[in-house]
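Here's the structure we're looking at; comments come further down.
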Amino acid sequence: MHEMIVAQYLLAQITDEAVKQNARPVAAKISCGKLNAVNDEVLCFAFEAIAKDTLCRDVKLEIEHKPLQAKCKDCNQIFNVEFSKPQCKKCESRDFELLPDAPLILEEIEFQTEKNHEKNKN
Amino acid sequence: MKKIKIEKKILSENQRCSIENKSFLAERNKLCLNMISSPGSGKTTILVRTITELQGRIKIGVIEGDVQTDIDAERIRATEAPVVQINTEGACHLSAVQIKKALKKLPVDDLDLILIENVGNLVCPSAFELGEAGKVVVLSVAEGDDKPAKYPAIFAKSKALLINKTDLLGHVDFDIERAKTDARRLNKTIEIFPVSAKTGQGMADWYDWLTKTLKRTNSQQ
């Protein structure tokens, strides 16, 4: 459900940048951690719904999920946590400390340049 | 095509506000906990019992989050503890800016502990920091022992887990050991308290933990 609020923040940030660049945004890359509870489909749907009548209407979202990492307390190995079997990849210990989950980040925005704008017209 | 690097936190506004709340509370040496659970797990009953039984020992203030109504705030008000109700009007979680406003309405300087009762939801509230010192997740036995495995984020992020409604254990299929094991898979240090806020069973351990955590907050100054 909170994807709608994420979509609203996203729309505001992309719009700000589009005005600054004076260009039409066509894609945006987002990254987030495993514990962020962002569902890709819901976020894309929410974004599409609120961006429909704005200058962000053509923006396609690309969402990258970063793995959740942990540090083994027995052998200090840093490893990606698998939810189905959370244990150290090296020594199989289940005694580990979760490292901070990657936050929701707007990584980059792709804008249409005049040139390919012309190309699209033709 | 032209690509512009942004690399900015999408929820930076919430983040910024939660840090402000955190410093506001730290400057005043106040402990604030964010209580998260599904609807109907018994958060308000836990709060009412906690406030009543700790009266004279710990001064507690409450921020109530609900989609609608002030039913919960009324229950807290009956204990004479200060309470602020937030209605999210549809939103599935509390956000830091709402807490910032609510903290202004609470007599913070007269309190030891501020408990935030988040909107009933095991998913979304876990993604929004409010400025709390820690999260406390509540799971009632009627919900099923598979919830820590199904909703790992909130169990991974919480400092304590209250397994509530243990008075119903004979009537529902809930394996406490399974819930505990699953909750600890991603969070070895989570404190687990099986309680019945209705009968009072197990609540003393939770009060001990609150008292200890409070002492730690006070000695941090």
Filter pass, A:GLU62 being among the charged types (D, E, K, R), under 16 Å from A:GLY33 (Cα atoms) and surrounded by 13 or more Cβ atoms within 10 Å (Cβ to Cβ): yes
Complete set of residues in the stretch A:1-46 that are under 21 Å from B:THR88 (Cα atoms) and touching a strand residue (DSSP E or B) at 6+ places or on another chain (Cβ under 6 Å): A:VAL38
Check on B:ALA153, away from chain A (no Cβ under 14 Å), touching a helix residue (DSSP H, G or I) at 6+ places or on another chain (Cβ under 8 Å), in a helix (DSSP H, G or I) and under 22 Å from B:PRO39 (Cβ atoms): no
Filtered residues of the stretch A:21-46 (kept if free of Cβ contacts under 8 Å to residues at least 40 places away in the same chain and facing chain B (nearest Cβ under 9 Å)): A:ALA37
Test set (1) within 10 Å of another protein chain (Cβ to nearest Cβ); (2) in a strand (DSSP E or B) - A:PHE79 fails condition number: (1)
Members of the stretch B:107-150 that are free of Cβ contacts under 8 Å to residues at least 60 places away in the same chain, under 19 Å from A:LEU104 (Cβ atoms) and either of a type in the set (Phe, Trp, Tyr) or surrounded by fewer than 20 Cβ atoms within 10 Å (Cβ to Cβ) (or both): B:VAL123
Verdict on B:THR189 being in a helix (DSSP H, G or I) and either under 23 Å from A:GLU97 (Cα atoms) or at pLDDT below 95 (or both): no
Sole exception among (1) crowded, with 20+ Cβ neighbours inside 10 Å; (2) more than 14 Å from every other protein chain (Cβ to nearest Cβ); (3) not aliphatic (A, V, I, L, M) for B:ASP70, by number: (1)
Meets criteria (farther than 25 Å from B:THR166 by Cβ, in a helix (DSSP H, G or I) and touching a residue at least 24 places away in the same chain (Cβ under 8 Å)) for B:ALA91: no
Single residue of the stretch B:94-104 satisfying the filter (part of a helix (DSSP H, G or I) and farther than 14 Å from B:ILE60 by Cα) that is farthest from the other protein chains (Cβ to nearest Cβ): B:LYS104
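The values are calculated or read from the model by the stated rules, or taken from the named source; none is laboratory data. Note that the coordinates shown come from a computational prediction; the quantities given were computed from them, not determined experimentally. As a convention, Cβ positions derive from the backbone with ideal geometry for all residues, glycine included, and neighbour counts pool all protein chains shown.
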